[in-house]
Each structure stands twice: as structure tokens, then as C-alpha cells.
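One structure is given below, encoded as C-alpha cells.
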Amino acid sequence: MSTENEGTAVPPAPSAPPVPVASPEASRPHPTSDAGAPTTPLPPTPSAPPPATPPAPGAAPAAPVSAAEAGWPPPAPSAPPQDPYAGAPQAAHPGHPGGPTAGGGADAPGAWPPPPPATPSYADPGAGAGAGTAEGVGGAGGGSDWGTTYAQHPAPKAGRGRGGLVAAVLVAALAAGGLGGGLGYTLAKNDDTSGSTTVSASDSGGSVKRDPGTVAGVAAKALPSTVTIEAESTNGEGGTGTGFVFDTQGHIVTNNHVVADAVDGGKLTATFPDGKKYNAEVVGHAQGYDVAVIKLKSAPSDLKPLTLGNSDKVAVGDSTIAIGAPFGLSNTVTTGIISAKNRPVASSDGTGSNASYMSALQTDASINPGNSGGPLLDAQGNVIGINSAIQSASSGGLGSTGQAGSIGLGFAIPINQAKYVAQQLIKTGKPVYAKIGASVSLEESAGGAKISDQGSGGTEAVEAGGPAAQAGLKSGDVITKLDDRVIDSGPTLIGEIWTHKPGDKVTLTYERGGKTHTVDLTLGSRTGDS
């Protein structure tokens, strides 16, 4: 896989269905409670029964009778108020209960309570959208019906006289207040007989405890040992990356491409999260591994190196935490999982320099330009990799800045390899690479790593006296496995060889003339990038 070194449009909300047309009876003004929530007013207890049969439609109205003569009829009950939630889908709170809706059937203009109206269900049609070194693909969504049928609130029973009505309204108001007010409230009893009730909200959410194993706990411990690196060449060009404290002497581990501009007399600084900035110098850099070590000038005495984990023990699905300065936003923390291991990656910084090769840890933690060189942590806060590359879709188009962003395919150099490289750079200032002593084709679709007909600069493809020559390998042989790892291309073979140290013994499987052969060899060494 070849990468570079380091917006989905929101679908429109479904429109609300039209509110059912209320009958003339239901269009009268609706009283509401003082609590702001709709309540159902209760008719007073009738003192005399109503006429057994209502006048027929079109009949002349009866002569008015005074209240003193009959004390009847009572005021016509108004229709129950319409729940403001009943006419639209509850996007924010799909479970919000719906109240009674305006209505009243035409066949029962004076009946109480009115029959429950039909409640519509709503459908969300869903939407789809399409959607490297870490300076350096689409999705579709489907919707389904949502919103359950809303239950009809039963009308409260009338009490005796005004006192019963007031109590019913008070209970309704308190219930509405409980629904709208939050998680809890306190009712304070009063010693007097006025019947008043005091409602007071909690003034504290309680203490917040963040255990060491939480993302917040890991970030709090790791951030003070992570730095934002600014590298500038002698002609003023440069960029921003990330690094982390490797030891108490002031060594910082990062990517080669982060500091490449400052290698030949440029300016290099490292800034900690507390704002303290230090000048630094490059101790050593390995272009092939894409690892570099810098050292702080006048390093503080209280440096706390991050704990290094064991990248060989990482499993797909393990939680990951990435820290860096994406697009210059220092001290940014993102999370994800290990989505693959031993991912062959060939990356470049886009300057035409030689590519870097790695058998990478793949993560979906968001990694963007500026995250390069930052630590990839496990759930316990141990460094398991160095964020280095991303696979990204094209960033072209209107308003493009030329820098691509994360699509959830980030790659980190395993820390077991990076640790070995960093130690060599601190010790000698130069990288040491394992090798088999043969040149291979860099084509990615050869079905294996084919030994070339000729080496670089016109040299022999198989180095005389080297490990491959001693094992009997020849030009044209196609290497298909290294130990139990399948080799599908030259870059994959290089990345796998570089996960080993010089002197390691490996088993190669190769094809020659349609036959498969297996041979053991001991890896040699090469010092420097040339």
C-alpha cells in the first residue's frame, strides 16, 4: 500500500406532517397551567342533568332560560389542548411522550372525554454520503421508521368542589415540572397549613472521578510528555509535527519527515502543553524507517518519559489513543481501535525523497497532518506506535488547501521497531538496517517480491557473499513468504525485513521455474540511508 506522509453533508430533517384539522369545538382557546405544560381543565360537577336528547340539527333553538330558573347548562367543556409535540417528529427526544391532540369527533360535539385521535408515525428515509506520512473512503446510511405511537393521557378525575380541582391541577403541574425540570427535585414540607410546596433543584452534579484507565486519565498522564515540534529550514520553509519524551536526558522521538527541514542548519523547537518552549537539535534520523530523535537544549530536570508497550502483543480491536497537533492544533487527543496489524505501507513526504517502508499498525483513531511523530497509546497509556502515515481520499476541489484529512485509515510504526531504531540513533547518530543482500522490484502487483535483474546503479541484483547469495537465491526468483508472513510485493518484503534486527534468522519461501522452495538465512546489516 502506498500512502502520503502525513464533510459529509447533513441530510435535511424530515418535514413535520400537517397537524390534523381541529373541529370548531376544538378551536376554542385552551387554558394552560402556570407550569407552562398543557393541562386538561375539568368541568364542574353538574347540578342538574342535561337534556336527554340534544336538539336536532336545523331545529330552532330553545328559548333562553336564566340560570336562576334552572341553573343549567354548565359551561361547555373546551377541547383538551393540543400537545405541541404531537404534530412533529421528535428528532432530539424520540421517546418524548405525546399528549392529547385537538379533536373531538363530528358525531360527538359535546361528548367528554373525546375519543383518542389517531397518531401518525413518521419515517426517516435515511441518507448516504461519500466521504499519506500523516502529513499525507465513503459511507451510506439507511433510515428506518422511528417514533412510537404516543399514548393518550387520561383525563384526571374531578374532585369535590374547587379544592379537588386545585389539587388536580397542582399534581399535573408538578408532573409537568418533573418531566421538564431534569433528573430530580426536592419537596420541602412546610409546618403551616397553607398547603404551599417548595421545589428546589440540586446545585451540584457531584464530584467527577476519572480513573487511570479512562481516556481522560490516560490523556492527563501522557499529555505532559508530548511536545509540538516546529521545524524550519534555512530558507524559511517548514512545518509542524509531534514527538514524545523518550528519556530523562531530553531525547524526543518523532518522525524523520517532521524534522527533515531542520537537518541541515535549520531551526527546531519543541513546545510542551504548559507552554514552555525549548530549542532542539537533530541527534539522528532514519529516512527508511521514518524515525528521528531530537534532543532538547537546556532540557528540564523533571522530564517524564512515556512508558513503552509491546507492539507484538497488540491485538486487532484493542483501544487506541492518539495525541498530536493536527493542522497545528496542539495537544489534541483522539481515540479508536487497532483495525489491522502488519499492514505493509510505503510512504513518502511528497518531496521526491526515498520512500519509507513499514509493517504498520493500522488504527481508525483520527490522524491528520501534524499528528506525525506523536504517540499511539494503548488503553493503559503505553506507547505502542508512532503515528506516521494516513491513507486519504483526494483533497482536490473548491476551497482545497492541498492537505488531505483523516478517513479513518491511519498507520503507526510499531514501537518495538521504533525503539530499536531510536536507540541506534542515540548511540551512533546513524540508522542500522537489516538486509538480505538482494534488490527486489518495487511493483506492488507482482504476486510476490521478485529479485531484479540488476541492482541500483548498475550493480549486481544479488550481492556477492551476502545472505541471499549464500542461500542460493538468484535474479528472477519470487519471494512469497518470510517466516509465516505472506509477501505480495517488494515493499512488503522490505517492511517485514526491517521489523527484524541484523543477525536474526528467517525462513524465505520463493518460487523458481514454477516450483516452490524454502531456505533459511541470517540477515545482514547496512548502516546509513545511502
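The values are calculated or read from the model by the stated rules, or taken from the named source; none is laboratory data. Everything numeric here is computed off the predicted structure, so don't read it as measured data. Neighbour counts run over all protein chains shown; Cβ positions are idealised from the backbone, glycine included. In case anyone asks, the SASA skips ligands and DNA or RNA and just uses the protein heavy atoms, side chains included. Shrake-Rupley method; radii C 1.70, N 1.55, O 1.52, S 1.80 Å.
Note down the Stokes-Einstein diffusion coefficient of segment 435-513 in µm²/s, whole number, using a Kirkwood radius over alpha carbon pairs, 25 °C, and 0.890 mPa s.
Rounded to a whole number, D works out at 198 µm²/s.
Pairs to check: K221/K505; K341/K501; K430/K450; K419/K481; K267/K505; K419/K505. Give those whose C-alpha atoms are more than 31 Å from each other in this structure. Beyond 31 Å: K221/K505; K267/K505.
With 32 Å as the limit on Cα-Cα distance, the pairs of K313/K427; K276/K313; K277/K435 that go past it are K276/K313; K277/K435. If you take the beta carbon distance between I337 and S301 as r and set R0 to 60 Å, what does 1/(1 + (r/R0)^6) give as a FRET efficiency, to the nearest 0.05? Efficiency for this residue pair is about 0.95. Against the criterion of solvent-accessible heavy-atom surface with a 1.4 angstrom probe, H285, H500 sort, most first, into H285, H500.
For segment 463-490 versus segment 242-294, the spacing of their alpha-carbon centroids is 35 Å. Evaluated with a Cβ-only charge set (Lys, Arg +1; Asp, Glu -1), segment 411-493 carries a dipole of roughly 440 debye about its Cα centre, given to the nearest 20.
Once the Cβ-Cβ distance of Q454 and N235 is raised to the sixth power relative to R0 = 51 Å, the FRET efficiency obtained is 0.85.
Under the combined filter of DSSP loop state and at most 16 neighbouring Cβ atoms within 10 Å, segment 471-530 retains these trypsin sites (Lys or Arg not before Pro): K474.
Here's the picture: a label point sits 7 Å out from the Cα of S530 along the beta-carbon direction, and within segment 258-297 the residues with their amide nitrogen under 15 Å of it are 287.
For L329 and K427, what is the calculated FRET efficiency with R₀ set at 30 Å and r taken between the beta-carbons, to the nearest 0.05?
With R0 = 30 Å, the Cβ-Cβ based efficiency is 0.30.
Across segment 479-530, counting alpha-carbon atoms alone, Rg and Dmax equal 11.8, 37 Å.
Take every Cα-Cα pair in segment 263-358 and report what % of them are more than 20 Å apart. When every Cα pair of segment 263-358 is considered, 59 percent fall beyond 20 Å.
Using a 1.4 angstrom probe on the protein heavy atoms only, line up E496, E281 by accessible area, largest first.
Result, largest first: E281, E496.
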